[in-house]
Amino acid sequence: MNQNLSSYRIFYAVANTGNISKTAKELYISQPAVSKSIQKLEESLEVKLFDRSSRGVTLTPEGELLYAYVKSAFETLAVGENKLRRSVSLGIGNLAIGASSTLCKYILLPYLKDFIKQCPHINISIACHSTNDTLKLLEEGKLDIGLIGKPQHLKSINFHSLREIEDIFVATQDYLHNLQIRGVNRRQILQNCTLMQLNRENMTRQYIDSYFQDNHILPQDTIEVSNMDLLIEMTKTGLGAGCVIRDFVRTELQSGTLVEIPLDIPIHKREIGFAYNKNAKISKSLAYFIQFYENYKF
C-alpha cells in the first residue's frame, strides 16, 4: 500500500459527502489539501476515482471498487476502537497463571473464585506444570504469574508467601499392620515399605529426597506418580506409603482412611505463594491480581 492512511481517510470522506468543500470542513483541513490528496491518490493508483461536476463529485466505477474495500477497512477500525474502549472501561484483560495440578485444585481455584467475582472481565488461562517448569516459563515471559513452592534461590522472581505446607508420610492401617507382621518396626517403615512419591522433576520430590539424604534414609522400593491426587488415591488402596501434603489429606486422616507415619525427625514446613518475573512489564490485569492476593485472607 503506497498511500498512507490519511489519504484513504480523505478519499473515504469525500466519497461519503460527495463534496470536497464539506469534506474539508469535516476534517478541519483546507479544500486545496483535500483536492491535492485525491489527485495524488489517483496518480499513484493510475485511475480516476471521481467524476467532478458543479454539483460535487461522484465515484467512478474504479472508485466504487476501491471504496468498498476502504469502507470495510474503516468500519473494522471503528469496531476495534469500540472494543478497545469497552475493554478499558470494563477492565478486560488477559492473565496467564501457572501452577501444579495439586496447587491448582486445592489452592488456586478456590482463590480464583473470589477474584473473578471482583474482576469478571479478565480472561484467565491456567497452565498446569511443576514448580520448576512454572519458574522457567515465568523467566521466559510465557506466564504472567505462578503459584509455586518457594524455591531455594529466587533469582529474578518476586515471591509473595501465602501459607506454609507440611509434607508427611501416610498409609492405610492395614498396610502398616502387614508391615508389622513382617517384623518392620516403626523406625524402619520408610526403608522397608513401597514408597510412593512424585516424579524427580517435581520440587516436592526434590525436597523429600534432600530430607532422606540429610537423615540417612534409604528407601528400597519406590513408585513414581505423576500428581498428588493420583498418589493419594493409590495410597488409599493400600499399595504402599505415600508422601503427601497434610492439608490435602485432612479428611482421610480424620476418618482414619489414612494414618500418618510418625517420624523421629519431622520434615520442615515449606512456603507456597505467588511469583512473577520482577523484570517483566506488569499488565493492568496482573496489577489487579497482585493487589488482590496481597490483601486476600485465606
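The values are calculated or read from the model by the stated rules, or taken from the named source; none is laboratory data. Since the structure is predicted, the reported quantities are computational estimates derived from the model, not experimental observations. Counting neighbours? That spans all protein chains shown, and the Cβs are built from the backbone with ideal geometry, glycine included.
From the list Val34, Val57, Val14, Val79, the lone residue that is in a helix (DSSP H, G or I) and touching a strand residue (DSSP E or B) at 6+ places or on another chain (Cβ under 8 Å) is Val14.
For region 1-59, a tally of residues being more than 50 Å from the chain's Cα centre (by Cα) and not aliphatic (A, V, I, L, M) returns 21.
Within region 251-297, if we keep just the residues that are among the small types (Gly, Ala, Ser) and under 30 Å from Cys119 (Cα atoms), the residue that is surrounded by the most Cβ atoms within 10 Å (Cβ to Cβ) turns out to be Ala275.
Please go through (1) farther than 29 Å from Pro151 by Cβ; (2) surrounded by 19 or more Cβ atoms within 10 Å (Cβ to Cβ) for Gly183 and return the number of the only condition it doesn't satisfy. Tallying (1) farther than 29 Å from Pro151 by Cβ; (2) surrounded by 19 or more Cβ atoms within 10 Å (Cβ to Cβ), Gly183 fails exactly one: (2). Within region 166-174, identify whether any single residue is farther than 26 Å from Ala127 by Cβ, at pLDDT 95 or above, in a helix (DSSP H, G or I) and hydroxyl-bearing (Ser, Thr, Tyr), and answer yes or no. Checked against the condition, which is being farther than 26 Å from Ala127 by Cβ, at pLDDT 95 or above, in a helix (DSSP H, G or I) and hydroxyl-bearing (Ser, Thr, Tyr), region 166-174 yields no hits at all.
I'd like to know if region 18-29 contains one or more residues that are surrounded by 13 or more Cβ atoms within 10 Å (Cβ to Cβ) and of a type in the set (S, T, N, Q). Yes. So for region 147-157 (the condition being more than 30 Å from Met228 (Cβ to Cβ), modelled with pLDDT of 85 or more and among the charged types (D, E, K, R)), does at least one residue qualify? No. Here Thr204 clears all of (1) surrounded by fewer than 19 Cβ atoms within 10 Å (Cβ to Cβ); (2) within 30 Å of Phe289 (Cβ to Cβ) except the condition numbered (1).
Return only the number of the condition from (1) closer than 16 Å to Cys243 by Cα; (2) out of contact with any Pro (no Cβ under 8 Å at 6 or more places or on another chain); (3) surrounded by fewer than 17 Cβ atoms within 10 Å (Cβ to Cβ); (4) not charged (D, E, K, R) that Gln191 does not satisfy. Single failed check for Gln191: (2). Tallying residues that are surrounded by fewer than 17 Cβ atoms within 10 Å (Cβ to Cβ) and within 15 Å of Leu258 (Cβ to Cβ) within region 216-235 yields 4.
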